[in-house]
Each structure stands twice: as structure tokens, then as C-alpha cells.
1. What does the extension gain come out to for N40 and I188, with contour length at 0.36 nm per residue minus their alpha carbon separation?
2. Fewest to most neighbouring Cβ within 10 Å: what's the order for L55, L177?
3. Order these by the 10 Å Cβ neighbour count, fewest first: M148, M127, M153, M111.
4. Projecting each Cα onto the charge dipole of the stretch 12-126 (Lys/Arg +1, Asp/Glu -1 at the beta carbon, about the Cα centre), which of S53, H68, L105 comes out farthest on the positive side?
5. Compute the long axis of helix 52-64 from its Cα atoms, compare it with the longest principal axis of the Cα atoms of the chain, and write down the angle in degrees, 0 to 90, nearest 10.
6. Within the chain, what is the number of lysine pairs with alpha carbons under 23 Å apart, leaving out pairs fewer than eight places apart on the same chain?
7. So what is the calculated 222 nm ellipticity per residue for the chain, using -39500 (n - 2.57) for each DSSP H run with n of 4 or more, over all residues, to the nearest 500 deg cm²/dmol?
8. If you keep only loop residues by DSSP, which GluC sites (Glu not before Pro) in the stretch 1-99 have at most 13 other Cβ atoms within 10 Å of their Cβ?
Amino acid sequence: MSSYQSLEKRLGFENTLPVTEHWSAAPGFLEVISDYCLKNKPRVIVECSSGTSSLVLSRCCQMNEVGHVYSLENGEEFVDQTSQQLDSFLLSKYCDVIYSPLQDLRLGEEMYQWYAINNLPDVEIDMLVIDGPPGFLQKHSRYPAVPMLSKKMAEHCAIFLDDAARDDEQELVERWLNENPDFQGEYIKNERGCYILKK
Ligand SMILES: C[S@@+](CC[C@H](N)C(=O)[O-])C[C@H]1O[C@@H](n2cnc3c(N)ncnc32)[C@H](O)[C@@H]1O
């Protein structure tokens with residue numbers, strides 16, 4: 001069973017990771033994304049929502065001596081909070097927390113509240129980590145990530161979805177797979193479930 005303590009040890013964090021119960025990514029998810037990151041050394045990581053995951057991914061980039069995290073964050077207070085945490089862990093140079101307020105987005109017949117991505121630089125994404133926007137906001141809250149970012153994804157891009165044990169996430173993964181027949185999905189059964197999608 002993974003824990004924040006074992007993750008801190010494995011990644012050589014000297015200080016305790018800041019964790020907010022129910023909001024921070026679960027240790028099992030952080031273990032999956034950090035293992036992938038350390039093994040594959042992605043250059044560009046984009047994450048939907050900032051927090052403990054930003055610290056973990058930034059630390060992996062530091063260990064890899066390559067890679068940068070662009071973290072889309074809709075809450076101004078969380079932009080400040082994550083930025084301060086990155087500062088205190090001396091990891092700021094590996095991560096930009098980008099204030100990305102939620103805005104109306106029409107996809108086909110449906111309307112969503114999703115991140116404004118006008119401040120995301122023109123990057124080619126090697127790894128996409130999806131842990132927001134919060135599920136209570138709307139049905140299939142995290143669905144827009146793939147249609148909105150797919151044009152920016154490298155051919156080998158790997159996508160990680162947290163909270164994938166929920167019915168809502170299972171449904172939206174099914175939509176992604178139907179709409180992108182070249183994607184393969186792998187489900188990892190951990191605390192809250194994780195889906196990994198790759199071509
Ligand atoms: C599931 S959380 C993101 C967690 C992040 N990936 C991490 O590992 O810490 C999704 C979003 O919820 C918001 N959030 C984080 N902590 C919160 C809190 N304590 N109360 C309300 N909203 C919160 C932030 O806007 C965040 O981007």
C-alpha cells in the first residue's frame with residue numbers, strides 16, 4: 001500500500017508533503033505518475049489542477065534533470081498556495097502554475113466549465129495529468145481535457161486520469177476511447193482508481 005511517507009522517501013523529499021485530505025491526489029495516483037515520469041523523462045508535462053501533484057511532478061523533473069510542468073489552476077488562492085509550496089521546496093523553476101479560470105466551453109451540444117488555456121504556452125505535451133476541475137461542478141467535468149488538448153499532444157503522449165473509479169470518470173473514459181480509437185486504456189485499481197491512456 002502506498003502512502004505519502006513512502007513517496008516522500010522514494011523521491012527524497014526532506015520535508016513533509018503538504019496534503020489536504022479529500023483534495024490532494026491520493027498517494028497511489030502520485031506513485032503511478034511519478035514512476036512514469038522518472039522512467040520516461042517527459043519534457044513537457046501539463047496538469048489540470050495544481051497542488052501536491054505539482055510538487056511531486058516537479059521533483060521528478062529535478063531528479064530527471066529534464067522536464068517542466070505547466071499546471072492549469074482555476075482557483076487564484078490555489079495558484080498562490082501551490083506557487084508558495086514550490087518555492088519552499090526549491091522547485092519553482094520546474095513548474096509554472098498558470099491561473100486558468102473556468103469559463104464556458106461548448107463542445108458539440110454540451111456546455112462545460114473548463115480552464116481558459118490562453119496562457120498555456122505553445123508546447124507539445126508528453127504527459128498529461130488530469131485531476132480537475134472538481135467532479136461536483138458538472139457531469140463529465142474532466143472530459144474536455146482530451147478534446148481541448150489533443151492537438152497539442154505528442155504522438156507518444158500518456159494521459160493519466162485520477163478518481164477513475166467513479167462512474168462519471170468511467171463514462172468519460174469510454175467517450176474518449178470511442179472518439180479516439182487509436183488510444184489504449186489501462187485501468188489501475190488503487191485508492192480512487194487511475195486510468196492511463198496511450199496510443
Ligand atoms: C482534486 S483538486 C487538485 C489536487 C491536486 N492535483 C493535488 O494533487 O493536490 C482539484 C481542484 O480543487 C481545488 N481545491 C484544492 N484544494 C481545495 C480545498 N481544500 N477546497 C476547495 N477546493 C480545493 C483547486 O482548484 C484544485 O485545482
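1. On the way: separation 148, 0.36 × 148 = 53.28 nm, distance 1.84 nm.
This chain segment gains 51.4 nm when fully extended.
2. Working: L55 27, L177 16.
Listing L55, L177 from fewest to most nearby Cβ atoms yields L177, L55.
3. On the way: M148 16, M127 26, M153 19, M111 11.
Result, fewest neighbours first: M111, M148, M153, M127.
4. H68
5. With both axes taken from Cα atoms, the answer is about 70 degrees.
6. For the chain, the number of qualifying lysine pairs is 22.
7. Details: 6 runs with 66 residues, N = 199.
So the calculated ellipticity at 222 nm is -10000 deg cm²/dmol.
8. E14, E21, E65
Every number here is computed from the coordinates shown, using simple stated rules; none is lab data. What you see is a predicted model; the values in this text were computed from it and never measured. A quick note on method: Cβ atoms are made from the backbone with ideal geometry, for glycine too, and the neighbour counts reach across all protein chains shown.
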